[in-house]
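Derivation of every value follows stated rules applied to the coordinates shown; laboratory data play no part. Everything numeric in this text was worked out from a predicted model, so none of it was measured. Ideal geometry is used to build each Cβ from the backbone, glycine not excepted, and the neighbour counts take in all protein chains shown.
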Amino acid sequence: MRIKFWGVRGSITCAYPDFLDYGGNTACVEVEVLGRTVIFDAGSGLPWLGNELLKRGVKEIVLLMSHFHQDHTAGFNYFKPIYIPGHTINIKAALNYGGTTIEDMIRRHMQAELHPVQYDNLGSTLNCTGFQAGDSFDLAEGIHIKTSMLAHPSGCTAFRLEAEGKVLVYATDTEHKAGEPDQALIEIMKDADLVIYDCTYSEQELPQYEGWGHSTWNEGVKLCQMANAKRMAMFHYSPDHNDDQVRALEHEAQSAWAGAFGAKEGMEIIL
């Protein structure tokens, strides 16, 4: 299982020199496993991944959306494979929007007032599938997904990907309550080889952002230790944190638990 980070930032892109070590693009993570390409979220890193997939000749893709806030969808309209015939993009997301389907969410994102090309004019085949948070399903033979609802405005989904005896958990955009660990998330994270976790704020900052739906490395480490996870990638960095500030938080996290590290744009991990 090969994992590559194409965007690790949260909320908004940060295109300034003091953000480039960890990276300024928003959430997008590629997983290559058993000959399949799976992508978590369509943040502003997605177009650059799209260019790479075209070079590799990848024509079938699974896109797992944690939710549809703008920092997690910013790259979708500029993802070149969606415009090219012969490409198939299978989009899967939890139905957290009343009667609104996942196709409806994508169509809204591409409406004429917001983008020059609309859904019905795309060259690719888009298959949009909704599920209920908490569902489990197979992406292909040997690739199993488990899901869980996270504490975030309008809902967000954590994903557990199991394949070839390895486990990757993608759990971004979640807000914890002090002293009340998310038991469902602990179960999703159980014995994971790698957990990608929302580390937007420091513990000192968090009270200012109650209700915004984000967490800290401190809670991530606690959850990983309770779940017996092996490693945690800090993710979804605040746009108020430049490289020096993220580096300081990473050092704090590593001092607390050797399994923690800061995800960087372009970083690859093999499980």
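Among the residues making up segment 222-234, those that are surrounded by fewer than 23 Cβ atoms within 10 Å (Cβ to Cβ) and within 23 Å of R247 (Cβ to Cβ) are K222, Q225, K230, R231. Looking for something under 20 Å from E30 (Cα atoms) and either in a strand (DSSP E or B) or among the polar types (S, T, N, Q) (or both) - is there at least one such residue anywhere in segment 93-101? Yes, that holds for at least one residue. Taking residues in segment 34-55 that are within 25 Å of G142 (Cβ to Cβ), and partners anywhere that are assigned to a loop (DSSP other than H, G, I, E, B) and of a type in the set (D, E, K, R), the pairs with Cβ atoms closer than 9 Å and at least 6 places apart or on different chains are L34/E141; L34/E164; L53/K59. Candidates in segment 134-163 are the residues that are touching a Gly at 6+ places or on another chain (Cβ under 7 Å) and surrounded by fewer than 20 Cβ atoms within 10 Å (Cβ to Cβ); of these, the one that is nearest to D198 (Cα to Cα) is A151.
Entry remark, segment 53-111: residues being of a type in the set (A, V, I, L, M), loosely packed, with under 15 Cβ neighbours inside 10 Å and under 16 Å from V38 (Cα atoms) number 1 in total. Cβ separations smaller than 7 Å between residues 6+ apart or across chains give the following pairs from segment 108-121 residues that are closer than 9 Å to N77 by Cα to residues that are surrounded by 15 or more Cβ atoms within 10 Å (Cβ to Cβ) and of a type in the set (V, I, T): H109/T73. When each of L271, L249 is tested for being surrounded by 14 or more Cβ atoms within 10 Å (Cβ to Cβ), touching a residue at least 24 places away in the same chain (Cβ under 8 Å), aliphatic (A, V, I, L, M) and farther than 25 Å from G24 by Cβ, the lone residue that passes is L271. Pairs meeting the criteria (first residue in segment 207-225 and within 24 Å of G259 (Cα to Cα), second residue part of a helix (DSSP H, G or I) and β-branched (V, I, T), beta carbons under 9 Å, at least 6 apart or on different chains) are L223/I186.
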